[in-house]
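Here is the structure we will look at.
The values are calculated or read from the model by the stated rules, or taken from the named source; none is laboratory data. In this text, all values refer to a predicted model and were calculated from it rather than measured experimentally. Neighbour counts run over all protein chains shown; Cβ positions are idealised from the backbone, glycine included. These accessible areas exclude ligands, DNA and RNA; they are computed on the full protein's heavy atoms, side chains included. Shrake-Rupley method; radii C 1.70, N 1.55, O 1.52, S 1.80 Å.
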Amino acid sequence: MARQSTIRTEAAAVVTTRHLSLGRSRVRAAWLFLAPMLLVLLLVAGWPLARTIYFGFTDADLSDLSSYEFIGFANYLEYDEGEWYGLLADPDWWNAARNTLYFAVISVSIETTLGLIIALALNASFPGRSILRAAVLIPWAIPTVVSAKMWGWMLHDQFGVLNDMLLGLGIIAQPVAWTADPDLAMAAVIMVDVWKTTPFMALLILAGLQMLPSDCYEAARVDGVHPVKVFFRITLPLIRPAIMVAVIFRLLDALRIFDLIYVLTSNSADTMSMSVYARQQLVDFQAVGYGSAASTLLFMVIAVLTVIYIVAGRVNLGEGGR
Amino acid sequence: MRKILLRGAFALLLTAIILFAVFPFYYAIVSSFKVGSELFRIDYFPFNWNWDNYAAVFAEQPFARNIFNSVLVAAAVVVFSLFLGMTGAYALGRVKFRGRGMLLLTILGVSMFPQVAVLSGMFEMIRLFGLYNNPLGLILANMILTLPFTVWVLTTFMRDLPVELEEAALVDGASPWVIVTQVFMPLMWPAMVTTGLLAFIAAWNEFLFALTFTLTNDQRTVPVAIALITGASEHELPWGNIMAASVIVTLPIIALVLIFQRKIVSGLTAGAVKG
């Protein structure tokens with residue numbers, strides 16, 4: 001009896017150690033498999049970001065990146081002979097920050113509303129639904145630069161088709177200079193962005209809609225609840241998580257917007273975003289130190305807003321929702 | 001009566017959505033066939049098929065070379081992203097180890113980086129490697145855009161594969177490399193096609209790096225080439241050429257997207273809703 005049990009314990013011990021070593025070698029293999037990916041990520045993301053933050057504290061110049069001096073926080077804020085200098089005292093920076101926030105909030109709100117409408121329409125069954133779904137994907141597939149150029153042509157002040165349409169409908173009395181008029185330039189940018197990214201929003205919300213259980217709806221129909229009430233009481237609360245995630249993805253994109261604004265309205269102050277401002281300093285004015293400080297600030301703004309949004313909105317991003 | 005009215009309103013909404021989505025590109029196609037003063041008249045339908053703008057795009061600048069650059073960059077980015085993504089996803093999706101959740105969140109965090117935040121650091125690095133004004137440098141730079149979501153999406157797919165498959169292979173004494181390439185790869189094709197396509201589109205459309213890291217016309221990729229097409233003067237943009245170039249680079253992407261419609265939608269939602 002006693003002997004048998006020792007054998008059994010020994011056998012169990014052998015099995016455990018084998019299992020353990022297998023587990024350990026598995027973890028070692030996992031790190032080996034991760035290494036190339038992590039190295040590349042470190043090379044293209046970690047290192048450049050660290051350098052950008054470092055450059056933000058120097059007076060580096062694009063023409064010669066090897067010689068620069070450490071100047072502390074002077075790029076951000078400096079007091080010299082009765083005057084404030086640096087990013088935080090630069091009205092152009094604050095203008096860019098205001099433009100970016102305005103653009104992000106307005107465009108994402110419109111996109112969410114339109115995206116919800118399109119998603120609800122796509123969720124209904126009707127003949128030709130797949131054609132509609134395909135059509136909606138087209139703006140998403142078009143490169144941003146191309147959509148900026150296409151819309152630039154449609155918004156042309158003299159020969160643009162949009163002016164022609166609006167004149168024909170009698171909405172405007174004379175042609176409008178969409179991209180040149182300071183009051184309209186931002187509206188034009190928002191219009192193009194809404195056109196380009198609403199499909200993304202609609203598809204994400206549609207995916208959320210298609211996961212809804214059908215029994216609540218049947219119960220509501222049996223009880224004769226008004227469809228509008230069903231939407232606000234059942235549908236909206238149930239797809240809130242999907243909308244929240246879609247909104248944060250879009251917000252992050254909107255806050256770093258560059259291509260569309262750069263191509264549609266160039267370096268105009270009326271629409272300049274933080275990314276456009278930072279690149280202008282970095283490349284056009286060759287002020288790598290100052291531009292890097294602006295980039296770092298933009299990075300901080302986005303990081304802080306993301307954390308606030310995730311915490312306040314209780315968005316579940318961890319481990320794929322598990 | 002009320003039902004018919006509702007039906008009519010719904011049909012109207014659907015028509016509006018389709019027009020809204022399709023008209024701008026349709027109008028670009030119409031405009032691309034107009035030359036000279038025809039451009040200054042507004043037409044809603046094409047009236048003659050004049051290919052002059054298409055010929056001019058290739059004659060007036062190295063557009064064929066630009067397309068080659070774009071294809072090269074996008075294809076290389078897809079290959080590298082998928083290779084690194086698959087190996088990374090195996091470790092992140094199938095093996096439990098300490099710090100896995102933290103690692104996944106960090107990777108997700110990288111996908112939130114504004115591109116401009118790495119611009120000066122990347123510029124220095126690309127110059128250091130001697131890749132300034134060279135499309136090869138863009139391959140490296142674009143990895144920051146494609147790698148995080150490739151890893152993320154492939155990990156979610158990899159995690160959902162049945163555990164028995166891997167156990168059977170382990171009992172047969174298969175190494176992790178064999179498991180990834182022989183057992184998982186065949187099952188992961190749909191996910192790889194999806195993420196590969198998304199990575200291709202991201203690299204094909206990338207603008208900021210391509211604009212900053214290339215200098216001469218023949219090293220540029222298509223988005224930069226199109227953005228910088230200029231006419232005789234600054235106020236006289238050759239809209240016909242621009243529209244023709246836009247149609248050329250957009251049609252293949254639209255074709256790809258429509259063919260792989262379902263896969264792309266599932267990839268987008270796996271990356272966002274689940275992630």
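Suppose we filter the stretch B:207-218 for residues that are at pLDDT 90 or above and either in a helix (DSSP H, G or I) or open to solvent by 10 Å² or more (accessible area, probe 1.4 Å) (or both); how many remain?
So the first thing to find is which residues in the stretch B:207-218 are at pLDDT 90 or above, and the list is B:207-214.
From what is left, the residues that are either in a helix (DSSP H, G or I) or open to solvent by 10 Å² or more (accessible area, probe 1.4 Å) (or both) are B:208-213.
Qualifying residue count for the region: 6.
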* Can you tell me how many residues in the stretch A:209-245 are at pLDDT 85 or above and within 30 Å of B:T250 (Cβ to Cβ)? -> 2
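Hey, any hits in the stretch B:113-129 for a residue that's exposed (fewer than 15 other Cβ atoms within 10 Å of the Cβ), not aliphatic (A, V, I, L, M) and not in a helix (DSSP H, G or I)?
As a first pass, look at the stretch B:113-129 and keep what is exposed (fewer than 15 other Cβ atoms within 10 Å of the Cβ): B:128-129.
Among the residues that remain, those that are also not aliphatic (A, V, I, L, M) are: B:129.
If we keep only those that are not in a helix (DSSP H, G or I) too, we end up with B:129.
Among the residues of the stretch B:113-129, at least one is exposed (fewer than 15 other Cβ atoms within 10 Å of the Cβ), not aliphatic (A, V, I, L, M) and not in a helix (DSSP H, G or I), which makes the answer yes.
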* Every pair of residues 6+ apart whose Cβ atoms lie under 8 Å, when the first sits in the stretch B:104-127 and is in contact (Cβ under 8 Å) with a residue 24 or more places away in the chain while the second is among the basic types (K, R) -> B:Q115/A:R256; B:V116/A:R256; B:V116/A:R279; B:L119/A:R279
* Taking A:G289 as meeting all but one of (1) open to solvent by 10 Å² or more (accessible area, probe 1.4 Å); (2) more than 23 Å from the chain's Cα centre (by Cα), write down the number of the exception. => (1)
* Residue, surrounded by the fewest Cβ atoms within 10 Å (Cβ to Cβ), within the stretch B:66-102, restricted to residues that are within 11 Å of another protein chain (Cβ to nearest Cβ), free of Cβ contacts under 8 Å to residues at least 40 places away in the same chain and in a helix (DSSP H, G or I) -> B:M102
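Is there a residue being within 14 Å of chain A (Cβ to nearest Cβ) and in contact (Cβ under 8 Å) with a residue 60 or more places away in the chain anywhere in the stretch B:42-62? I'd like the intermediate steps shown before the answer.
Initial filter on the stretch B:42-62 (within 14 Å of chain A (Cβ to nearest Cβ)): B:42-46, B:53, B:57.
With the extra rule that they be in contact (Cβ under 8 Å) with a residue 60 or more places away in the chain, the set shrinks to B:53, B:57.
Scanning the stretch B:42-62, I find at least one residue that is within 14 Å of chain A (Cβ to nearest Cβ) and in contact (Cβ under 8 Å) with a residue 60 or more places away in the chain, so the answer is yes.
Just to be sure, is A:A135 facing another protein chain (nearest Cβ under 8 Å) and more than 25 Å from the chain's Cα centre (by Cα)? Give the derivation first.
Values: facing another protein chain (nearest Cβ under 8 Å): yes; more than 25 Å from the chain's Cα centre (by Cα): no.
Criteria not met by A:A135.
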* **Residue satisfying all of: in the stretch B:220-246; surrounded by fewer than 22 Cβ atoms within 10 Å (Cβ to Cβ) and touching a residue at least 24 places away in the same chain (Cβ under 8 Å); nearest to the other protein chains (Cβ to nearest Cβ) among these** => B:I229
* Structure fact -> When the stretch A:181-233 is checked residue by residue, the ones that are open to solvent by less than 70 Å² (accessible area, probe 1.4 Å) and more than 20 Å from A:E111 (Cβ to Cβ) are A:D181, A:L212, A:P213, A:C216, A:Y217, A:A219, A:A220, A:G224, A:V225, A:V230
* To do: Mind telling me which of the residues A:Y68, A:Y85, A:Y79, A:Y54 ends up being within 12 Å of chain B (Cβ to nearest Cβ) and over 29 Å from the mean Cα position of the chain (by Cα)?
  => A:Y68
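For the structure I just gave you, tell me whether B:L251 is part of a helix (DSSP H, G or I) and either at pLDDT below 90 or in the same structural domain as B:S70 (by TED's automatic domain parsing) (or both).
On the way: part of a helix (DSSP H, G or I): yes; either at pLDDT below 90 or in the same structural domain as B:S70 (by TED's automatic domain parsing) (or both): yes.
Answer is yes for this residue.
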* Among the residues of the stretch B:219-246, write down those that are in a loop (DSSP other than H, G, I, E, B) and modelled with pLDDT of 85 or more. => B:R220, B:T221, B:L228, B:I229, B:P238
* To do: Scan the stretch A:266-278 residue by residue and report those that are open to solvent by less than 10 Å² (accessible area, probe 1.4 Å), within 21 Å of A:G56 (Cα to Cα) and not aromatic (F, W, Y).
  => A:S273, A:M274, A:S275, A:V276, A:A278
* Return only the number of the condition from (1) within 9 Å of another protein chain (Cβ to nearest Cβ); (2) under 18 Å from A:N95 (Cα atoms); (3) aliphatic (A, V, I, L, M) that A:A246 does not satisfy. => (2)
* Structure fact -> Restricting the stretch B:130-180 to residues that are within 26 Å of B:L105 (Cα to Cα), free of Cβ contacts under 8 Å to residues at least 24 places away in the same chain and of a type outside the set (V, I, T), the one surrounded by the fewest Cβ atoms within 10 Å (Cβ to Cβ) turns out to be B:P162
* To do: Output the helices (runs of 4 or more DSSP H) that fall wholly within the stretch A:70-163 and possess 2 or more residues being open to solvent by 40 Å² or more (accessible area, probe 1.4 Å), or say none.
  => A:91-123, A:129-141
